[in-house]
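The values are calculated or read from the model by the stated rules, or taken from the named source; none is laboratory data. Everything quoted here is computed from the prediction, not taken from an experiment.
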Amino acid sequence: MSFTGKAGVAVAALGLAAGSIFGAGTANAQSLHGAIAFSEENWTYESSFDWPSFEEAKDRALTRCGYDDCEVMVSWANGCGALVWNDQGWVAAASGPNRSEAVRKAIDKLSQGVPVAQLANFGSSDLSGTKVVEVVCTSNAN
């Protein structure tokens, strides 16, 4: 094999080695978790994000919520969580890979109990009485 042929093989091998090293780092990246807890009796909520485990994210949201009836409404990894409610007293939460997906899914859940909430997905949130209360994302969300 000529020198240029050997050099070409060496460059290709180096490229494959570098690609496998740098590509592997992304697959082993640590997941980040979040949660939103809500107290129906006190109509309050708290959120947490960027925790290394679901348990830590949930515990932090519950602790910050501070009431005995606080419940985790949604938890997620590597994305966003959204909390919505309407003026009729319905509340819903959902998660998604980004802010808009989390909000859309939360409004979809709310509309299962209150069909008029679906109007919020079409830009008529004032007519439906639906309010996006909180959207929280982990720092590695899309």
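Report yes if some residue within region 90-106 is over 18 Å from the mean Cα position of the chain (by Cα), in the same structural domain as G129 (by TED's automatic domain parsing) and either over 15 Å from E41 (Cα atoms) or at pLDDT 95 or above (or both); otherwise report no.
no
Does D87 fit the bill of being among the charged types (D, E, K, R) and either at pLDDT 90 or above or not assigned by TED's automatic domain parsing to the domain that holds K105 (or both)? Here the answer is no, as D87 does not meet what is asked.
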